[in-house]
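The values are calculated or read from the model by the stated rules, or taken from the named source; none is laboratory data. Source: prediction; values computed, not measured. Quick reminder, even Gly has a Cβ in these numbers, built from the backbone with ideal geometry, and neighbours come from all protein chains shown. Side chains are part of the model used for accessible areas, which takes the heavy atoms of the whole protein and leaves out ligands, DNA and RNA. Shrake-Rupley method; radii C 1.70, N 1.55, O 1.52, S 1.80 Å.
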Amino acid sequence: MTKLQFKNFGLLGIIFLCLSCDPPHSITFINSSDSELKVKLKIDTTITNYDLNYIENKNADSIVFNIKEKDTAQLNFGIGTWSDSEIRKHVNSFREIDIENADFRKVLKSKRKMVEFLTKHREGGIGWKTKITIEIE
């Protein structure tokens, strides 16, 4: 590779990096326990949130996952990252988060606690927090 080709390749890489689109962001529930895990997100139906368009029944007041032992479920929220404002925006759509199995139960009712919980479980690459992973053992 000549010096000119190497410079062009590097310049092309920088352009792609600067023009890249937002990555997909999601919430993943991992059930590492030996019992079924139930996750219930109660929706505030008075709030319009177009990112919650994955709900099969648009009039539903909750999203429920029954996750078998050693299995995973995921909610996809389109493209973007889990910034503090993005988490607050989605939490504003929830009335309650309820996570339970045979040995464990966690109920989050206040917006503040939901934001703290989701922020604590944020993860991703350098500068990009694209996933919220909640593992129940």
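The set of residues from the stretch 92-106 being basic (K, R) and either within 18 Å of the chain's Cα centre (by Cα) or within 16 Å of E116 (Cβ to Cβ) (or both) comprises R95, K106.
Might you check whether a residue that is in contact (Cβ under 8 Å) with a residue 12 or more places away in the chain, over 17 Å from V64 (Cβ atoms), among the hydroxyl-bearing types (S, T, Y) and in contact with a His (Cβ under 6 Å, 6 or more places away or on another chain) occurs anywhere in the stretch 111-132? Checked the stretch 111-132: at least one residue is in contact (Cβ under 8 Å) with a residue 12 or more places away in the chain, over 17 Å from V64 (Cβ atoms), among the hydroxyl-bearing types (S, T, Y) and in contact with a His (Cβ under 6 Å, 6 or more places away or on another chain). Picking from residues in the stretch 28-43 that are part of a loop (DSSP other than H, G, I, E, B) and touching a strand residue (DSSP E or B) at 6+ places or on another chain (Cβ under 9 Å), the one that is most open to solvent (accessible area, probe 1.4 Å) is E36. Looking across the stretch 103-135 at every residue that is out of contact with any strand residue (DSSP E or B) (no Cβ under 7 Å at 6 or more places or on another chain) and among the hydrophobic types (A, V, I, L, M, F, W, C), the one that is modelled with the highest pLDDT is identified as V115. Looking across the stretch 82-102 at every residue that is charged (D, E, K, R) and in contact with a strand residue (DSSP E or B) (Cβ under 9 Å, 6 or more places away or on another chain), the one that is most open to solvent (accessible area, probe 1.4 Å) is identified as R95.
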